[in-house]
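Structure first, then comments.
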Amino acid sequence: MLKHEVKDGKLVVYLEGRLDVSVANEVEEGLTELIDSLGHRKVLLNMKDVEYMSSSGFRACISTLRKLNSKEGSLKISNIKPAVKRIFDVIELTSLFDIHDTEEAALKSF
C-alpha cells in the first residue's frame, strides 16, 4: 500500500524511490485502489523522495490523471526533484500536470 494521508480533505500520496517498470503497475493499481476505496477526487502526489521516473512511471501518473478527470477530480504534483523535473520538461509533460514546488502550495491550489 502506498504511504498516504488525508489533509484538508485531499488525498496526499507520498511516492518514493525509482518509479520504473518494476514498480509502475503496483503504483498505478495502488493509486486506483486509494481513489476508488476512499472516494477522493482531489489527489496530490508528493514526489520529494522520487529519484527517477521512467516512461512506465509517467504512464502511471497519466492514468491516474485520466481517472480523476473522468470523475471531475483533479491531480496535483509537488516536490519534484530537479533531475526528475528535467524529464518532465524533456518529454513535454509539464503542461499536462499541475506542478507545485511545495505540498502546501499544491494543497492551497485545489
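The values are calculated or read from the model by the stated rules, or taken from the named source; none is laboratory data. Computed from a predicted structure; not experimentally measured. All Cβ positions, even for glycine, are placed from backbone atoms using ideal geometry, and neighbour counts span all protein chains on display. Areas reflect the complete protein model, heavy atoms only, side chains present, ligands, DNA and RNA absent. Shrake-Rupley method; radii C 1.70, N 1.55, O 1.52, S 1.80 Å.
At a glance:
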item	result
Residue list for region 5-30, filter: surrounded by 20 or more Cβ atoms within 10 Å (Cβ to Cβ) and not in a helix (DSSP H, G or I)	11, 12, 13, 15, 19
Single residue of region 73-94 satisfying the filter (part of a helix (DSSP H, G or I) and open to solvent by less than 30 Å² (accessible area, probe 1.4 Å)) that is farthest from residue 13 (Cα to Cα)	88
Residue 107 being surrounded by fewer than 16 Cβ atoms within 10 Å (Cβ to Cβ) and touching a Leu at 6+ places or on another chain (Cβ under 8 Å)	no
Residue check for residue 33: over 18 Å from residue 104 (Cα atoms), crowded, with 18+ Cβ neighbours inside 10 Å and among the charged types (D, E, K, R)	no
Matching residues in region 1-52 - criterion: being over 17 Å from residue 68 (Cα atoms) and of a type in the set (Asp, Glu)	5, 8, 16, 20, 26, 49, 51
Residue selected from region 1-51 under the condition in contact with a helix residue (DSSP H, G or I) (Cβ under 8 Å, 6 or more places away or on another chain) and polar (S, T, N, Q), by the criterion nearest to residue 88 (Cα to Cα)	46
Residue check, residue 55 closer than 20 Å to residue 16 by Cα, open to solvent by 80 Å² or more (accessible area, probe 1.4 Å), polar (S, T, N, Q) and out of contact with any Leu (no Cβ under 9 Å at 6 or more places or on another chain)	yes
